[in-house]
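Right, one structure below, let's go through it.
Coordinate-derived values only; no laboratory data. This is a predicted model, so every value here is computed, not measured. As a convention, Cβ positions derive from the backbone with ideal geometry for all residues, glycine included, and neighbour counts pool all protein chains shown.
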Amino acid sequence: MRALLLRPGQPPDNLVYPGDDHPDAFHGGAFEGERLVGITSIYPEAPPEMYRGQLPGGDAFRLRGMATNPDVRGKGHGRDLLHACIDHMRAKDASLLWCNARVIALDFYKHLGLRTIGPEFEIEGIGPHYVMWKAVV
Ligand SMILES: CC(C)(COP(=O)(O)OP(=O)(O)OC[C@H]1O[C@@H](n2cnc3c(N)ncnc32)[C@H](O)[C@@H]1OP(=O)(O)O)[C@@H](O)C(=O)NCCC(=O)NCCS
């Protein structure tokens, strides 16, 4: 799913994130019947150093690899995946969710309560991004 929806044509090493096998990582899947139609992952990682003083303290999780199949978009799967991540974070007493959000997904994340911090920046081979965050209570 990461290869198909997020990083087409990229080498297999680019499809694995450093925190994927962290013991507190959570890998969520959205299903329609037996069919996997969406994915996302979170794992413990502090936000970028330059923003730490401006963001809530406490344990932080980084959201990565959020994607749903084009034919099921707008049906709530992305929202369900994000809520599952937040439930996991609450179970771990974590307080800050953050991510590098693609500009094309900015309004999706804003709709779900995340806010941007800092300027737009480029991730080579993927495109423009913002750091986004949400306090988890
Ligand atoms: C971004 C993405 C995960 C959203 O998934 P989705 O399954 O369509 O999201 P949902 O259906 O749960 O949408 C939740 C809400 O956000 C809104 N929304 C979704 N995508 C949106 C967008 N691009 N702009 C504005 N609103 C959006 C939906 O309309 C819905 O609103 P509602 O609560 O009023 O009904 C999906 O479009 C995707 O996979 N995009 C390509 C990969 C990508 O860019 N991933 C993000 C990497 S940072």
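Numerical summary
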| read-out | value |
| --- | --- |
| Residues of region 50-83 with amide N under 11 Å of the 7 Å Cα→Cβ point at Leu4 | 68-72 |
| Helix-only mean residue ellipticity at 222 nm for the chain, each DSSP H run of n ≥ 4 adding -39500 (n - 2.57), per residue, nearest 500 | -4500 deg cm²/dmol |
| Arg90-Met50 pseudo-label distance in nm [points 7 Å out on the Cα-to-Cβ vector] | 3.4 nm |
| Extension gain, Leu36 back to Asp80 (0.36 nm per residue minus Cα-Cα distance, nm) | 14.5 nm |
| Rounded Å value of the spacing that divides the Cα centres of region 1-70 and region 78-105 | 9 Å |
| Cα-based Rg and Dmax for the chain, where Dmax is the largest Cα-Cα distance (Å) | 14.4, 44 |
| Neighbour count of at most 12 Cβ within 10 Å plus DSSP loop: longest GluC sites (Glu not before Pro)-free window in the chain | 35-123 |
| Glu32 long-range amide H proximity, modeled H, under 5 Å | Val37 |
| Whole-Hz couplings from phi, Karplus 6.51/-1.76/1.60, listed for region 14-25; x for Gly and Pro | 6, 8, 10, 9, x, x, 3, 9, 4, x, 9, 5 |
